[in-house]
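Asker: Okay, handing you the structure first.
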Amino acid sequence: MSNSFPHLFSPIAIGRYTLKNRIMNTGHAAHFQTGDGLPTERYVDYVGERAKGGVGIVVTSHTVPYYDGDVALSLASFDERIVPMYQRMAAATHAHDVPLLAQLGHRGRQTADGAAFLARPSKAPSAVPPPDFSIPQLVPHAMTIAEIEETLEQFGAASRRAMSGDLDGIELSIGMDYLFPNFLSAQANRRDDRYGGATLEERMTFMYETVDVVRDTIGRERILGIRMYDDLEDWGMRLDDYKQVARLLEEHGKVDYFNMWQGIVPSPRSGRTHWPAHYYPPGAFAHLPRGIKEYVSLPVVGAGRLDSPAVAERFIAEGTADLVGMARALIADPHLPNKAREGRTADIRTCIACTQSCVGHIYVGMGVGCIYNPVTGREGEWAVLPPAAERRRVVVVGGGPAGMESARIAAERGHDVVLFERGARLGGQVNLVMRTPARDNFEEIILFFERQLAKLGVDVRLRTDAGVDDILAERPDAAILATGSSAFRPEVIGNDKRHVLTAREVIQGNAAIGENVLVVDTLGRAEAPTVAELIADMGRKVEVVTGLAYVGCEMPIPAWHNLMERLLQKNVTLTPFTGVWEIEDDSVDVYNVISWQPRTMDGIDTVVFASGGVPEDGLAAALEGRVAELHVIGDCYQPRDIEMAVVDGHRAGRAIGGGEV
C-alpha cells in the first residue's frame, strides 16, 4: 500500500457521512438512459464500476423534477418508475461503501435550447431570454406564483423519489443559466414580487425555499450539496456572485458542501470550458474552489482537468479544495483511485482531455466512452476479463492502437504474444497526431501501452516489417493483423501532381510546402484543421475548404471550438460547402456543393488532402487458411479512428481461443 497521496486518501465528513477519501465522481451526462429518461442497467454497471474503482462518493447525471421536453440529456426524476432503478444504482455503489447522490436541477429558460420548446415551453422568473447571439434567443414564459409553488412541490417529490430509491442525498445544480441562476440574476429576474428584488440576497428567495423543501424531504441524515457554475458571461452569474450565494446558503444552515465549476453548456464559448479540452493545462481552474473556500467553512469540491492523483493531491494539500471532482478522469480509468492508493500509478490510463468519446458521444446520442478505454460504457460485458482456458501462441502484426490493445488483452488473458511493428516506436498514427499543435498529450496513449506490454511480457519487435514467412515462422495458433492504412487521396483530377500532398506527409515533414496552401477536409474530423494549424505555424497562408456544413463538423464541440478560435487567430480561412473538381499547377477548380456554382482559386502552391486512409490489408488474403485463427482489425479492416481501433483490438484479444466477446 502506498502513502504517496496522504491528503487525497484521508477521510472527510460531509454532513453526517464520513467519506473514505476525497475523490468525488461528479455528476455528468453519462447518457445511459431510455428515451423517456430512465436509467438503464448499463448505467447501473457504470456507477458500480466507479464505486468498485475506489471513489469516495458518486453523483448521478443531471435529473429534472418535471418533464421539460429534453430528457435525452437528463434523468426523469419526475417519474415514479425511476425509483427501482435508483435502488439498483444505489445497491451497486453501496456494495463498495460509496454513497450515491442525485444531481437535481431545472433548466429554466435554457429548456428552449434546440427543439425542446416544441415539447414543453421554457419557464423563467421573467420573460427575458439570455442576450447570447450564439444560441436561439427564445423568450421564456414568466412563471406565476402558482407555477413557482408547483415547481417547489416538484422538487420535493423528486427528492422523495431519490430517498425511496435508497440514495444518500441530493446535489442541487445551480448554474448554466438554468432556473436557479435565472432567479438569482438581475439580468434574468425582473420581478417586483417577493421572488425578485434589487439585491442578490433579495433574489435568493426561490433558492432558500427549494433548499428548505429538499432538506425537509430528505431529512438531516442525508447529504444536501450545492453545485454552482461560473457562467463566464458578463450578463450571467459569475464566481464573485456565487461567493455571496455560498455564504448566504451556509448561513441558512441547511446544506453540507459546495461544488464549484463553470460553463453554460448550450453557449459554445462558455460551454467549451464545461468540458475543458487539452488546450487547458491540468489543474487550470484552481481559482474556482479557492474563491469559494475564502467565503465558507463547509467542504468545497474543486474540479477541472484533475487528470492525475498528483494534481489532485496538490489541490487538497494546498487547501485549494477539500475534495476533488473527477468525471472524465474516471471515464478514462474508473480504477484510478485504487491504483493511486496502491502505488500503481504506472497502471493508470490517463485522460488526455480529447473530448472525443465522452462529450463527443453525447452529441451523437450515445453513452459516454473513452478514446482508449473500450470497457467504458461496456462494463456489464467487459469489466471482467476471464483468463484463457488454454495458453496459445499469438502473433500481432502492427503496433498501432488496435494492435497494442489486442496484444495487451491477449497477454493479460495468459497467452504468449509477439508483436511486430515496422516503425521505430509503437503507436501507429498516434505518433502523427501528437506532432500537431497542442496535441502532444496524445502520447499518453502510447506511454500507457508501452508500460503495460512490457509489464505483461509481450515480445515487441520494432523496426520489423513482418511478412507471411515471418508470421508463420512463429508457429502461431492465432494471428491478429492490425497493419493500419495508407493515406487516401480522393478521386480528383490532378490528385497525383507533385504539389499535392496528404496530411500524413505534411506531419511527417518530408515534403516541400509552398507559401499558399489549400487544405481539403473531406471527413469533418480533426485531421484537416490540425494540419492546417501546423502549416499556419510554419508561416504559410492557409485556407481550408470542405464540402460539409463547416470545417471539422464531426469533431467533439469543446475541442472543435478551441481549435477554430486558434485557426481564426492565425488567419486561416475556413470555407464550407466547397467541393474540389480539378487541381492545376497553380490553381484549383472548386464548386459550391449546394448551387454547383464553379470558381477557380488561383495562386495555390500546395494542396493537402486530409481524407483519412485506405486499408493496408494485403496480408489477410495471404494468410487465409494458413493459421488456425485469423483476425483483421483496426484501419486495415476499415479506417476509422483511435477509439474504434482500440475497440476492435479489445474484442480480438478476448476472442482468441474462442473467448467471450
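Asker: Angle between the Cα long axis of helix 145-164 and the longest principal axis of the chain, 0 to 90 degrees, nearest 10?
Answerer: 60
Asker: Tell me the relative contact order for the chain as a rounded percent, counting alpha carbon contacts under 8 Å between residues six or more apart.
Answerer: Relative contact order, the chain: 11 percent.
Asker: Within the chain, how many Lys pairs that are eight or more residues apart, or on different chains, come under 17 Å at the alpha-carbon?
Answerer: Details: Lys20/Lys52; Lys20/Lys339; Lys52/Lys339; Lys243/Lys254; Lys243/Lys293; Lys339/Lys455; Lys541/Lys570.
Within the chain, the lysine pair count is 7.
Asker: Please report, in debye to the nearest 20, how large the charge dipole of region 12-381 is about its Cα centre when each Lys and Arg carries +1 at its beta carbon and each Asp and Glu carries -1 there.
Answerer: About 780 debye.
Asker: For region 1-82, run through the chymotrypsin sites (Phe, Trp or Tyr not before Pro) and keep only the ones in DSSP coil with at most 16 other Cβ atoms within 10 Å of their Cβ.
Answerer: Those satisfying the criteria are Tyr67.
Asker: So, one more: Compactness ratio of region 489-611: Cα Rg over 2.2 N^0.38 Å, N = residue count?
Answerer: 0.96
Asker: If you take every DSSP beta bridge fully contained in region 12-381, what fraction is antiparallel? Give it as a percent rounded to 5.
Answerer: Of those bridges, close to 10 percent are antiparallel.
Asker: Run the dipole for the chain about the Cα centre, Lys and Arg Cβ at +1, Asp and Glu Cβ at -1, nothing else charged, and hand back the magnitude in debye, nearest 20.
Answerer: 1380
Asker: Hey, can you grab everything whose amide H is under 5 Å from the amide H of Asn259? Only 5+ residues off in sequence or another chain; H modelled, so Pro and N-termini drop out.
Answerer: Residues meeting the criterion, in which the H sits 1.01 Å from N, are Ile226, Arg227, Met228, Val301.
Asker: Take the Cβ-Cβ distance between Arg425 and Trp596 as r, set R0 to 30 Å, and report the resulting FRET efficiency rounded to the nearest 0.05.
Answerer: 0.05
Asker: Another question, if that's okay. For the chain, what proportion of DSSP beta bridges, expressed in % and rounded to the nearest 5, is antiparallel?
Answerer: 20
Asker: Further, regarding this structure: Would the chain count as rounded, prolate or oblate if I go by the C-alpha gyration tensor, calling it rounded below 1.5 in a/c and otherwise prolate when a/b exceeds b/c, oblate otherwise?
Answerer: oblate
Asker: Then there is this: I'd like the Karplus ³J(HN,Hα) series for region 607-615: coefficients 6.51, -1.76, 1.60, θ = phi - 60°, whole numbers in Hz, and an x wherever there's a Gly or Pro.
Answerer: 10, 10, 8, 10, 10, x, x, 10, x
Asker: Could I have the simple spin-label model distance between Arg463 and Thr199, label points 7 Å from Cα toward Cβ, reported in nm to one decimal?
Answerer: So the two model labels end up 7.5 nm from each other.
Asker: Grab the DSSP H runs of the chain that are 4 residues or longer, score each as -39,500 (n - 2.57), total them, divide by all residues and round the 222 nm result to the nearest 500 deg cm²/dmol.
Answerer: Helices in the chain give a 222 nm mean residue ellipticity of -9000 deg cm²/dmol.
Asker: Still on this structure, I have one more. Would any residue of region 181-196 have its amide N under 20 Å from a label point 7 Å out along Cα→Cβ of Thr144? List them or say none.
Answerer: 190-196
Asker: So, one more: By the gyration tensor of its Cα atoms, with a ≥ b ≥ c the square roots of the eigenvalues, what is the shape of region 12-381: rounded for a/c under 1.5, prolate for a/b over b/c, or oblate?
Answerer: Because its axes are fairly even, with a/c under 1.5, region 12-381 counts as rounded.
Asker: Is the shape of region 328-378 rounded, prolate or oblate, going by the alpha carbon gyration tensor and its root eigenvalues a ≥ b ≥ c, with a/c under 1.5 for rounded and a/b larger than b/c for prolate? The partial results should precede the final answer.
Answerer: Details: a/c = 3.14, a/b = 2.38, b/c = 1.32.
Note, shape of region 328-378 comes out prolate.
Asker: Also, I was wondering about something else. What Kirkwood Rh does region 404-503 have if only Cα atoms enter the pairwise 1/r average? Answer in Å.
Answerer: Result for region 404-503 stands at 15.8 Å.
Asker: Counting other beta carbons within 10 Å of each residue's own, what order do Tyr372, Tyr280, Tyr178 fall into, fewest first?
Answerer: Tyr280, Tyr178, Tyr372
Asker: Out of the DSSP beta bridges found with both residues in region 489-611, what percent are antiparallel (nearest 5)?
Answerer: Numbers: 10 of 28 bridges.
DSSP beta bridges in region 489-611 are roughly 35 percent antiparallel.
Asker: Considering only C-alpha atoms, what is the centroid distance from region 603-661 to region 524-583, in Å?
Answerer: 27
Asker: What GluC sites (Glu not before Pro) does region 249-296 have in DSSP loop regions with at most 13 other beta carbons within 10 Å? Mind dumping the intermediate values first?
Answerer: On the way: sites: Glu250, Glu251, Glu294; in loops: Glu294.
Loop-located and lightly packed - Glu294.
Asker: From largest to smallest, what semi-axes in whole angstrom does region 294-341 give when each is the square root of 5 times an eigenvalue of its alpha carbon gyration tensor? Write out the running numbers ahead of the final one.
Answerer: On the way: eigenvalues 88, 24, 15 Å².
Semi-axes, largest first: 21, 11, 9 Å.
Asker: Next question, about the same structure. Could you give me the ³J(HN,Hα) list for region 230-236, computed from phi with Karplus coefficients 6.51, -1.76, 1.60 and θ = phi - 60°, whole Hz, x at Gly and Pro?
Answerer: Coupling constants for region 230-236: 5, 6, 6, 10, 4, 7, x Hz.
Asker: What are the GluC sites (Glu not before Pro) within region 373-409 that DSSP puts in a loop, where the Cβ has at most 14 other Cβ atoms within 10 Å?
Answerer: Values: sites: Glu379, Glu381, Glu390, Glu405; in loops: Glu390.
Passing both the DSSP loop test and the Cβ count: Glu390.
Asker: Additional query: Would you mind checking which residues have amide H under 5 Å from Gly169's amide H? H placed 1.01 Å from N; only 5 or more apart, or other chain.
Answerer: For Gly169, the qualifying residues are Ala102, Ile223.
Asker: In region 12-381, if the dipole is taken from +1 on Lys/Arg beta carbons and -1 on Asp/Glu beta carbons about the Cα centre, which of Thr60, Ala317, Ser267 is farthest to the positive end?
Answerer: Comparing the listed Cα positions along the dipole, Ala317 ranks first.
Asker: Could you work out how far the C-alpha centroid of region 38-59 sits from that of region 130-205, in angstrom?
Answerer: About 28 Å separates the Cα centre of region 38-59 from the one of region 130-205.
Asker: Å³ per residue of the Cα convex hull, for region 243-389?
Answerer: Taking only Cα atoms, region 243-389 has a hull volume of 154 Å³ per residue.
Asker: Per q in 0.13 Å⁻¹, report the Debye log10 I(q)/I(0) for region 213-329, using one uniform scatterer on each alpha carbon and no solvent.
Answerer: -0.52
Asker: While we're looking at this one, here's another question. If you plug each phi of region 274-288 into the Karplus form 6.51 cos²θ - 1.76 cosθ + 1.60 with θ = phi - 60°, what whole-Hz ³J(HN,Hα) values come out, in order, with x for Gly and Pro?
Answerer: Those phi angles translate into 5, 10, x, 7, 5, 6, 10, x, x, x, 6, 10, 4, 5, 5 Hz.
Asker: Sequence-distant or interchain residues sharing an amide H contact under 5 Å with Leu548, placed H: which?
Answerer: Close amide H contacts, sequence-distant or interchain: Phe577, Thr578.
Asker: How far is helix 239-252 tilted off the main Cα axis of the chain, in degrees rounded to 10, range 0 to 90?
Answerer: Roughly 40 degrees, rounded to the nearest 10.
Every number here is computed from the coordinates shown, using simple stated rules; none is lab data. Predicted model only: the values in this text are computed from it and were never measured. Neighbour counts are summed over all protein chains in view; Cβ atoms, including those assigned to glycine, are modelled from backbone coordinates with ideal geometry.
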